[in-house]
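Asker: Here it is: the structure, laid out below.
The values are calculated or read from the model by the stated rules, or taken from the named source; none is laboratory data. What you see is a predicted model, and the numbers here were worked out from it, not measured in a lab. A quick note on method: Cβ atoms are made from the backbone with ideal geometry, for glycine too, and the neighbour counts reach across all protein chains shown.
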Amino acid sequence: MTTVAEAHGLTPAQLDALGQELDAIRADLVTQLGAEDVAYIRRLIRIQRWSEIGGRASLFLGFLPPFWLAGAALLSLSKILDNMEIGHNILHGQYDWTNDAALSSTKFEWDSSCPSKGWQHYHNYLHHTYTNITDKDRDLGYGVIRISAETPWSPANLGNPLYALGLALIFDHGIMLHDVDLAHVREGKKPWAEAKPALVNGLRKSGKLAFRDYIMWPAFTGPLFLSTLAANAVANLVRNLWAFAIIFCGHFPTGTLEFTEEECVGESKGHWYFRQMLGSANISGGRLFHIMSGNLSFQIEHHLYPDIPARRYQQVAPQVREICHRYGIPYNTGRMSRQFGSTIGKIFRFALPGKKQVLNVIPPRTPATEPAELQAA
């Protein structure tokens, strides 16, 4: 078997050197963390809270179209900020160093159907540990979408586009069910007794959020009950579609690669970094776009440093890109239209049967440049 690293011309010594360079970037970032990072996330939390307050207040005048639109838009903004730049990043432990209970990954709960503890287990641990390793990373297709040639085709995969659309519409609930892992329960790989608590906790939280958004808040607006309910539904839908698009653009565009379990056994830190970079993709955009994406527009940097405040990713992206260039590692980045378009293309392509491809066959390319210290040796 030709491994992905070998196909890129990388030796174990080069992977070790790669790991040392990326470790040095992380160490430098840690020394820079301070009041500026805390002020940033607290400012975002204030904006998120005032957006929700403004949205709720606007809906008391929801019988006037401009106020209804303002209410729905502000609630959409609030939910996106809560899930992406605030919740996702706090739950990664990016601000645990502050010792602030409001920013603690063990105490924070977000506006999502998925309980934070369940999300941290399958996302922080399983996904970030086994990124793009087939049969280990459940984010590869989320258990419903065939996204790789390594996944055996069946007639059920013809529904790939419909499954993707359905997942996008209820993405927060899909994330909640992800920790339940119904696919493995169905296949007998996971006992129901192990899956049941995650489902019960997820349904319990989903029920609380549904009561809040579709009964409590609409009831407060009295005769505008249905108007407020509709605005809340639109806000949840906008949040789901946006999160789906950003996350899929960061994981599945053309150029992202998968790895086998065999080639990752006993992997070095350098190989782990290498796998993160080839299993991720960035999205180009402006400052506001990066904030709205939770800085997951820098998915490569996020996979390298998941517990570093995401606002720092743009700062180190040029360094990471330069390292990729020197080692001959593709740095997958592009406009959202390009990344999303190629992702949708893969969803349609893998809906159809086709010859199974070998994961590690990569077009011939120029071998990676030897790091200076290896050349001297």
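Asker: Can you tell me how many residues within segment 283-321 are buried (at least 19 other Cβ atoms within 10 Å of the Cβ), over 22 Å from V30 (Cβ atoms) and in contact with a strand residue (DSSP E or B) (Cβ under 9 Å, 6 or more places away or on another chain)?
Answerer: 3
Asker: Failed condition for Q94, given (1) modelled with pLDDT under 95; (2) surrounded by 14 or more Cβ atoms within 10 Å (Cβ to Cβ); (3) not charged (D, E, K, R), with all others met?
Answerer: Single failed check for Q94: (1).
Results for (1) modelled with pLDDT under 90; (2) within 17 Å of the chain's Cα centre (by Cα), shown as yes or no for each residue.
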| residue | (1), (2) |
| --- | --- |
| Y122 | yes, yes |
| A149 | yes, no |
| N157 | no, no |
| L167 | no, yes |
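Asker: Now for a separate question. Find all pairs meeting these conditions: Cβ atoms under 6 angstrom apart; at least six residues apart or on different chains; first residue within segment 57-76 and within 16 Å of L237 (Cα to Cα) and modelled with pLDDT of 95 or more; second residue hydroxyl-bearing (S, T, Y) and in a helix (DSSP H, G or I).
Answerer: Listed by first residue and then by second, the contacts come to A70/S58; G71/S58; L74/S51.
Asker: For residues in segment 173-208 being under 20 Å from Y125 (Cβ atoms) and acidic (D, E), which is surrounded by the most Cβ atoms within 10 Å (Cβ to Cβ)?
Answerer: Going through the qualifying residues, I end up with D179.
Asker: Does any residue of segment 207-217 turn out to be hydroxyl-bearing (S, T, Y) and without any contact (Cβ under 8 Å) to a residue 60 or more places away in the chain? Break it down into steps so the answer makes sense when it comes.
Answerer: Initially, segment 207-217 is screened for residues hydroxyl-bearing (S, T, Y), giving 214.
Next cut, without any contact (Cβ under 8 Å) to a residue 60 or more places away in the chain only: 214.
Within segment 207-217, one or more residues are hydroxyl-bearing (S, T, Y) and without any contact (Cβ under 8 Å) to a residue 60 or more places away in the chain.
Asker: Right, something else. So which of I308, I291, I246 ends up being closer than 24 Å to H88 by Cα, among the β-branched types (V, I, T), assigned to a loop (DSSP other than H, G, I, E, B) and modelled with pLDDT of 95 or more?
Answerer: Matching residue, one of I308, I291, I246: I308.
Asker: Hey, another quick one. Show the residue pairs meeting these rules: Cβ distance below 8 Å; 6+ apart or different chains; first residue within segment 27-52 and farther than 20 Å from H88 by Cβ; second residue part of a helix (DSSP H, G or I) and at pLDDT 95 or above.
Answerer: Q32/R312
Asker: Looking at (1) among the acidic types (D, E); (2) at pLDDT below 90; (3) touching a Gly at 6+ places or on another chain (Cβ under 9 Å), which one does D135 not meet, given that it meets all the others?
Answerer: (3)
Asker: Only residues in segment 179-204 that are in contact (Cβ under 8 Å) with a residue 12 or more places away in the chain and closer than 19 Å to I145 by Cβ count as the first member; pair them with residues that are in a helix (DSSP H, G or I) and aromatic (F, W, Y), Cβ under 6 angstrom, at least 6 apart or cross-chain, and list the lot.
Answerer: D179/Y122
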